[in-house]
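None of the figures in this text is laboratory data; all of them are computed from the coordinates on show. None of the values given here were measured: they were computed from a predicted structure. Here Cβ is always computed from backbone atoms with ideal geometry, including for glycine, and neighbour counts include all displayed protein chains.
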Amino acid sequence: MELLSTINLLAFVLLPFVAPKIWEACWIFLLRPWMITSRFKKQGISGPKYRFVYGNLEEIKKMKKEAKGWVLDPNSNDIFPCVFPHYHQWLSQYGETFLYWNGTKPTLFISDPELGKQILSSKLGFAVIAKTRPEVLMLFGKGLAFIEGDDWVRHRRILNPAFSMDRLKVMTKGMVDCTLRMLEEWRIHKCGEEVMMRMEINKDYHRLISDIIATTAFGSSYEEGIELFRSQSELEEYFVASLTNVSSQENSKYLPTPTNLQLWKLDKKVKNSIKKMIDARLKSNFMNYGDDLLGIMLKAATSKESETAMRMDEIIEECKAIYISGQVNSMILLTWTTLLLSLNQDWQEKLREEVFNECGNKIPDSDTFSRLKLMNMVLMESLRLYGPVIKMVREATQDIKIGHLDIPKGTSIIVPFLKMHTDKAIWGEDAQQFNPMRFENGVSQAANQPNAFLPFSVGPRTCIAQNFAMMETKTVLTMILQRFRISLSPEYKHAPVDNFNLYPQYGLPVMLQPLDTSAQR
């Protein structure tokens, strides 16, 4: 009897503390999902059934695991079912707009390009969602892509001059020098081989783009930044592994799991490598820190004006963002464009002819690239079919109405570029075919909807480095086409995969045939 009285007393004392937690759990895991599902159902929007705690994460993991075993015909550009098997299945079941659950996070899939543009262009009502995934910020840095409000305005104002066309023209020489070093390594590798040589070209592109970014943006080189690049590559591997972890993100992101411990360790290594690079620049103080990207940020760190000031921790985060995002996006664009030119030899020859007509065997410069119309069309088509960024995520920061949709606060919105860029209703019956001529009259005339092409996003948060990436890619392709004919290796397996960006799961082995010696100088 005394024990029962003690239990009742404890229950009475603890009730005020326990009851709110129980109510909060009921709201998060049961009531809120039911209410949001009902709210969308009234708008005619349905989707896969919410499951307790995990939502649809189990289904997503299962479908993506199965899809990773698929190998497509190399000539097939119908890659959406392979890359996003869950979206592909749910589109056929629930229509162009549907609701699913990323754990307890309601997520709305919207493939209408007009609505997509409104969501990405809006200055009010939507925020980036990466704050719920700390490992995203570890890899990509809390830079321009993920900061909000006044901080974003201040960073954008500081960094804009580094990516002006005048600066890009100056950077072209560095891009050329880095590419020449890679081509010289290929020439040495060729010694003693037959007419053709096999090359795992995406690995060479990865190293080359790292070298270009280090040289043009930070005044160093791949060799000097080798520790940083290795740490970031390891961090990227662990990040990709964390994406398949079917646990509640809110519950696991701060726990000392083996994956999290390794992520934290590698993140610290990356930051320390960047700090060393910054310290070296501060000690040298050459030309008042220099006029490259790092120099511009260091000048901002010493500015006394709040509008142009930058803290050292912000510089470190922006360096992380520029190293990894710039490296990944340009490398992927180069890789998939090389695949398309290997499969479409007629277009490879057209580009080579254009390159020789405009600059012959000479080293290209920024003026050359402005005249390469066919190359620009090919790159647009490559970005359409195999753009590095395959979807964009936003979150409603308040109840908001977009078009005919009433979207509750806290809902994530997926804008699927990969789906929009190959939709036959937008691009015509040849939407999944490689046809650069669709861009002959410019981007706005390429589809029956002017807002259907969004490889670098749109609106105020459009990619600040898009012109840098295009200049980089044109430099490398021009110099390769002057020297080599590229074809696909029989070992290539066509299996594009979603590792946050669009990667070739098994790499890109190609065969390189040197042109005559007069074209190699």
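Each label was represented as a point 7 Å from its Cα along the Cα-to-Cβ direction; for Leu282 and Lys401 these points are 5.3 nm apart. Considering only beta bridges that DSSP places wholly inside region 22-514, some 90 percent are antiparallel.
For region 447-505, a simple Cβ point-charge model (Lys and Arg +1, Asp and Glu -1, everything else neutral) yields a dipole of about 180 debye relative to the Cα centre. Site pair Ala25 and Trp264 shows an inter-label distance of 2.5 nm when each label is modelled 7 Å from Cα along Cα→Cβ. Extension gain for Asn160-Glu200 works out to 10.9 nm (0.36 nm per residue, less the C-alpha to C-alpha distance).
Footprinting exposure proxy ranking of Arg311, Arg394, Arg384, fewest other C-beta atoms within 10 angstrom first, gives Arg311, Arg394, Arg384.
Computed on the chain, with alpha-carbon pairs under 8 angstrom and 6+ residues apart, the relative contact order is 23 percent. Highest mean first, the peptides 103-110, 41-48, 262-269 sorted by other C-beta atoms within 10 Å per residue fall in the order 103-110, 262-269, 41-48.
Of the options (1) -0.72, -0.86; (2) -0.78, -1.03; (3) -0.70, -1.04, only one is log10 I(q)/I(0) by the Debye sum over Cα atoms at q = 0.09, 0.11 Å⁻¹ as computed from these coordinates, and that is (3). The distance separating the Cα centre of region 20-84 from that of region 441-474 comes to 30 Å.
Relative to one another, the C-alpha centroids of region 200-216 and region 348-367 are positioned 22 Å apart.
Shown here for region 301-351: GluC sites (Glu not before Pro) in loop regions (DSSP other than H, G, I, E, B) with at most 10 other Cβ atoms within 10 Å, namely Glu305.
Residue exposure proxy: Val458, Val328, Val393, ordered by other Cβ atoms within 10 angstrom of their Cβ from fewest to most, comes out as Val393, Val458, Val328. Within a straight-line Cα-Cα reach of under 22 Å, Lys350 can be paired with the following lysines, leaving aside sequence neighbours fewer than 8 residues apart in one chain: Lys362, Lys373, Lys474.
Farthest toward the positive end of the dipole of region 22-514, out of Thr478, Ala214, Pro364, is the Cα of Ala214, where the dipole comes from beta carbon charges about the Cα centre. Under 5 Å from the amide H of Ile400 lie the amide H atoms of Ile407, Lys409, each residue being 5 or more positions distant or on a separate chain, with H modelled from the backbone and absent for Pro and chain starts.
Listed from fewest to most Cβ neighbours within 10 Å, the set Arg154, Arg230 follows the order Arg230, Arg154.
Spin-label pair Asp365-Gln445: with each label point 7 Å from Cα along the Cα-Cβ axis, the two points sit 3.1 nm from one another.
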